[in-house]
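To start, the structure itself, in structure tokens.
Please treat every number below as a calculation from the coordinates, not as lab data. Here the structure is a predicted model, which is why all the values come from computation and not from measurement. With ideal geometry, Cβ positions are generated from the backbone for all residues, glycine too; neighbour counts draw on all protein chains shown.
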Amino acid sequence: MSKSKEKKIERIKNQKIWPFVVMIVVTILVSVGMSVAILVLSIRSLLVNKAESMYLVFQEVENAYFECQNSGEDFSAVAEMIYYYTPDVKGICVVDENNELLQQYGDSAPDFQQLINLNEDDSGEYDPQKPSLWTDMKIEEIGKETQLLSGEAALVYCWYVDSLPDSTQKLCVKMPFMLYEYETMSCVTSILVCLAFMVLVLAWNIYMIVRAVRERRREKDILYTSTVTGGRNIQYFKDQAGELLMESQHNQLNYAILSIRLEKYNNFCSCYGNKEGEEVLEDLFEEIQKHLKNKEVAAHSSKADFVLLLKYGKQENLIHRIERIIDTLKKVRPGQKLNFGVGIYWVPKEYEDIGTMCNYVEVVQEAIPEDIEDHIKFFDESMLANQQWVRKLEEDMEQALDNREFKVYLQPKYSTKDEKLSGAEALVRWIHPTEGFIFPNKFIPIFEQNGSILQLDDYMISECAKLQAQWLYEGKKIVPISVNVSRAHFTKEDLAEHICQLVDQYNVPHNMIELELTESAFFDDKEILINTVKKLRNYGFEVSMDDFGAGYSSLNSLKELPLDVLKLDAEFFRGEEDKERGNLIVGETISLAQKLDMRIVAEGIETREQVDFLAEKNCDLIQGYFFAKPMSVEEFEKLVYGEE
């Protein structure tokens, strides 16, 4: 997994909902605070406006009082007139510093022991030097005692009290605090709007919290869901299995990691279709889920693989349990043959990285031959070492080509008539700087699997043409060389032209290069193969079939492929059982090839008896240890040109 993808997965897994909730709570508090502030400010603004209008009336009374004081006129008469002719004034009183009544006009004087100051400062204390609005009711009683006037207004009577300048006396004026219906409705509307806003904000944020929780769950579901089976995937397995294995360090549970593979899945899809293939994987996963116990987990790993974490007491008991699971999986699709390979890794007591252990069980799975039915295999270190070896060869291949670490070895071919050297087969050997001499059977299968064999083919053809060009330059007689061309190369429509380019850059006659193909190439695109062979022969190359007789359709391939040479498989000449029958087949094959105008090369010849038999049957060339083993170019040149 790439680092960027791993970071994204970790971010999704570690996403917490509480930061989002905190943010939403803060948003709610801010919204409520703003709503309350707006409501308080609107009500306060209304009250201030009312208080200011009352203050204007109070100032008129106060100015009249001062004029009377300055002119010596009796304030009583003026106060009476104000009381009777000013609707907003319901009482006028003058009190001394001890709040004792000095003058009174209209309603009774205020009782300062009972009055509540509506204009207290922020500290809640009364400032005697500050004009204040008083009422003789408690704050909570104001609303209850409010009088309604003809449905248009509500009022509360208040005393406006202010200290007189240059005097210890206070002037008190009783006036109605009028609150008209539209003002009441405005306040009520403000309150309702603020409440509605707060409810809306609260509802919206609750919705956002629920949505966030669902989104986190949805993201984790997507992260943990297999797109093939609809069940859990390998990421879920690694997370859950990792937690269970951490717990097992304390509860002493034994665990094993399994990889169950549906063998020949590609073949199944070819026969029944991809959709049917995915459906059978889904059914298999559902069946596997039924066999899980507490503190066990399973998931779809990749393609047709399932990975499981199972508990066990004794290893043999777990193996029997696995066999029962496989038996039920084979019955998921009655009438369809299903085979399974099982790789097992026994989890050690010392905790290891879950990803590494999953890789180990995959290593076991890859070591199971696909053609073996219901095979169970256990992990050992040699499997890992083999995979590391394969990986090393794959990584070193490109550099090996550049450094010319691949060496051409030549095995001579001898004529049966005069037993003279008449050709050679080019074989590759890898002289590795650290691993030393590596035989082809160690790296050729690896390169065939990963596609690197195409580069190696080109390298060998070029090296052989280059060697022959050097012999021409030195005035030596060219020895024909046969070069193996992999099955993968014969799927390329332009192979003939490509080989021409490789050989022509050294100006070597085409008939000096023989191209060997294996019979397995016949099972790929037959039309491309036949066309390519025809084009190669038209360009002057000879084409041979290597290991003839090792396959199952040799005669059929002979019928359709226009070949120049047949190389009899070495297995024809090994073993003493049915020797007479083998010789009969070889003789008839040689006769058949001659009738088809093809030459015969017998490889793997090791005894004089075999040589004499082949000479008697008119075999053309012999190749094997009886005459010579594969040798380096230097040894071959010494053998061929040593007398010159």
* Förster radius 22 Å - calculated FRET efficiency between SER520 and GLU616, Cβ distance, rounded to 0.05 -> 0.10
* To do: Within 10 Å of each residue's Cβ, count the other Cβ atoms and sort GLU73, GLU542, GLU405 from fewest upward.
  => GLU73, GLU405, GLU542
* Asked: What's the FRET efficiency of ASP494 with ASP402 using the Cβ-Cβ distance as r and R₀ = 25 Å, to the nearest 0.05?
  -> 0.50
* To do: Calculate the spin-label point distance for ASN251 paired with LEU454, positioning each point 7 Å from the Cα along the beta-carbon direction, and give it in nanometres.
  => 5.3 nm
* Structure fact -> Applying the gyration tensor rule to the Cα atoms of the stretch 408-641 (axes a ≥ b ≥ c; rounded if a/c under 1.5, else prolate if a/b exceeds b/c, else oblate), the class is rounded
* Structure fact -> Going fewest to most other Cβ atoms within 10 Å around each Cβ, MET34, MET246 line up as MET246, MET34
* Can you list the equivalent-ellipsoid semi-axes of the stretch 359-457, largest first and in whole Å, using the square root of 5 times each Cα gyration tensor eigenvalue? -> 34, 19, 11
* Scattering profile of the stretch 589-644 at q = 0.24, 0.26, 0.31 Å⁻¹ [log10 I(q)/I(0), Debye over alpha-carbon scatterers] -> -0.91, -0.97, -1.14
* To do: For GLN69 and VAL40, compute 0.36 nm times the residue count separating them, minus their Cα-Cα distance, and round to one decimal in nm.
  => 6.3 nm
* Asked: VAL347's amide H: which non-local residues (gap 5+, or another chain) put their own amide H closer than 5 Å, with H modeled 1.01 Å from N in plane and none for Pro or chain starts?
  -> TYR255, ALA256, ILE257
* **Label-point gap, in nm, between GLU395 and VAL210 - each point 7 angstrom along Cα→Cβ** => 5.5 nm
* **Distance (nanometres) between label positions extended 7 Å along Cα→Cβ at VAL193 and THR168** => 5.1 nm
* Asked: Which FRET efficiency, nearest 0.05, do GLU323 and ASN531 yield, Cβ-Cβ r, R0 60 Å?
  -> 0.75
* the stretch 437-532: trypsin sites (Lys or Arg not before Pro) falling in loop per DSSP and having at most 12 other Cβ within 10 Å -> LYS477
* Structure fact -> Residues GLU398, GLU435 in order from fewest to most other beta-carbon atoms within 10 Å are GLU398, GLU435
* Express in nm, to one decimal, how much length is gained between LEU384 and PHE437 on full extension, taking 0.36 nm for each residue of separation and deducting their alpha carbon distance. => 16.9 nm
* If the chain between LYS275 and ASN538 were fully stretched, how many nm would it gain, using 0.36 nm times the residue separation less the Cα-Cα distance? -> 90.1 nm
* Asked: Given +1 on the Cβ of Lys and Arg, -1 on the Cβ of Asp and Glu, and no further charges, what dipole in debye does the stretch 234-379 carry about its Cα centre, rounded to the nearest 20?
  -> 400 debye
